[in-house]
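Student: Sending over a structure as structure tokens; questions will come in a sec.
The values are calculated or read from the model by the stated rules, or taken from the named source; none is laboratory data. Source: prediction; values computed, not measured. When we count neighbours, we look across all protein chains shown, and the Cβ atoms used for this are built from the backbone with ideal geometry, even at glycine. All accessible areas refer to the heavy atoms of the entire protein, side chains included, with ligands and DNA or RNA removed. Shrake-Rupley method; radii C 1.70, N 1.55, O 1.52, S 1.80 Å.
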Amino acid sequence: MELLRAFLDVLFPPLCHLCKEPVPEAGPLHLCESCLGAMTPIDSPLCPVCGVPHGTEGGIDHLCGSCLLARPPFDGARGALLYEGPIRELIHRHKYGRKVHLRRPLALLAIGQLTPFVSSVAPDVMVPVPLHRSRLRERGFNQAVLMGAVLAREWRLPLLRDTLRRVRPTVAQVTLSASERHSNVRGAFAVASPERIAGRRVLLLDDVSTTGSTLAECARVLKGAGAAAVFAATVALAPRDR
Ligand SMILES: [Zn+2]
Ligand SMILES: [Zn+2]
């Protein structure tokens, strides 16, 4: 099977998921060097709580201004890449273009960048950020659940699909200002089976975090239901206004 795959790759090189250029040495990622090179991995120095990079060359991790002012309810969040350019395009095609096979490169990018963080916080379970049933019906899938299935296998975590629920529909966060985003998600989530997360360390998962409001509200509700700690991993993280 491996030999057949290698043979077919020579005859018909796989195409880059983004620009459709052939990538003979694609590996499982199937992204070309130029698309990959246009992505910005998030590295230290960053804020250890919200994961926002400080944008300086050297230095150690330290709290950002907004986490100093008001500590979010999650214990630590990390994004693999800055939400801009090709990763933004890949996430949009996956979610709005309904290209469900793109869960794989998205998950692989998260694995490549976030595995040390996930190991260090030692979660017990993974919880994907849920969609409201009306949104789920419209889209047909929850992108966080699709990626979560790949990541849960890699990180050997049970994936709890229905423990956290979105009980109130919300408008897309991208259309709102920072303060509106906070009230938009307030009271939007509930825990259906608290016994599955009580006393456990939870890893929340989503494709992208823009202001962190959704992750913060999910974390608040999970902790209210007894979670011992809540961490969050996203493929992309929007640069914040400072
Ligand atoms: Zn490309
Ligand atoms: Zn911060």
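Student: Subtract the Cα-Cα distance of residue 156 and residue 61 from 0.36 nm times their separation in residues, and report this length gain in nm to one decimal.
Tutor: Difference between extended and current length: 31.4 nm.
Student: Give the dimensionless ratio obtained when the Cα radius of gyration of the stretch 40-237 is divided by 2.2 N^0.38 Å.
Tutor: It is 0.95.
Student: Go through the stretch 189-198 residue by residue and turn each phi into a ³J(HN,Hα) via Karplus (6.51, -1.76, 1.60, θ = phi - 60°); whole Hz please, and just put x for glycine and proline.
Tutor: Each residue's phi maps through the Karplus curve to give 10, 8, 9, 7, 9, x, 5, 7, 10, 4 Hz.
Student: Can you give the helix-only mean residue ellipticity at 222 nm for the chain, where every DSSP H stretch with n ≥ 4 adds -39500 (n - 2.57) and the sum goes over all residues, rounded to the nearest 500 deg cm²/dmol?
Tutor: -11000 deg cm²/dmol
Student: Which sequence of 49, 221 reflects their accessible areas, 1.4 Å probe, from the largest down?
Tutor: The residues order as 221, 49, largest area first.
Student: Which value, in Å², gives the accessible area per residue of the chain when a 1.4 Å probe is used on the protein heavy atoms?
Tutor: Dividing the accessible area of the chain by its residue count gives 50 Å².
Student: Another one. List the residues, sorted by chain then number, that are 5 or more residues from residue 61 or on another chain and whose placed amide H is less than 5 Å from its amide H.
Tutor: Under 5 Å from the amide H of residue 61 lie the amide H atoms of 46, each far enough along the sequence or on another chain.
Student: Highest first, please rank the peptides 116-127, 78-89 by the mean number of other Cβ atoms sitting within 10 Å of their residues.
Tutor: Ranked from most to least packed, the peptides come out as 78-89, 116-127.
Student: Let me ask another. Counting only protein heavy atoms and using a 1.4 Å probe, what share of the accessible area of the stretch 40-237 belongs to carbon plus sulfur, as a whole percent?
Tutor: Exposed carbon and sulfur together represent 52 percent of the surface.
Student: For the stretch 94-164, what is the Kirkwood estimate of the hydrodynamic radius, computed as the reciprocal of the mean inverse distance between distinct Cα atoms, to one decimal in Å?
Tutor: So the Kirkwood estimate lands at 12.8 Å.
Student: Please say if the stretch 120-242 is rounded, prolate or oblate, where rounded means a/c under 1.5 for a ≥ b ≥ c the square roots of the C-alpha gyration tensor eigenvalues, and otherwise the choice is prolate for a/b larger than b/c and oblate otherwise?
Tutor: rounded
Student: Now a separate question. Taking 22 Å as R0, compute the FRET efficiency from the Cβ-Cβ separation of residue 71 and residue 171 and round it to 0.05.
Tutor: 0.25
Student: Separate question: With only alpha-carbon atoms in the gyration tensor, what are the semi-axes of the equivalent ellipsoid for the stretch 45-97, in Å, largest first?
Tutor: Calculated on Cα positions only, the semi-axes equal 26, 15, 8 Å.
Student: Using the membrane-span-like helix rule (whole DSSP H runs, Cα extent along the own axis of at least 15 Å, mean Kyte-Doolittle hydropathy at least -1.0), which helices of the chain qualify?
Tutor: Those that clear 15 Å and a mean of -1.0 are 103-121, 143-154, 213-224.
Student: What are the residues whose amide H is under 5 Å from the amide H of residue 76, where those residues sit 5 or more places off or on another chain and H is modelled from the backbone?
Tutor: 232
Student: Hey, got the Cα dimensions of the stretch 7-138 along the principal axes, in Å, largest first?
Tutor: Sorted from largest, the Cα extents of the stretch 7-138 read 56, 44, 28 Å.
Student: What's the ranking of 104-111, 223-230 by average number of surrounding C-beta atoms within 10 Å, highest first?
Tutor: So the peptides 104-111, 223-230, ranked by packing, come out 104-111, 223-230.
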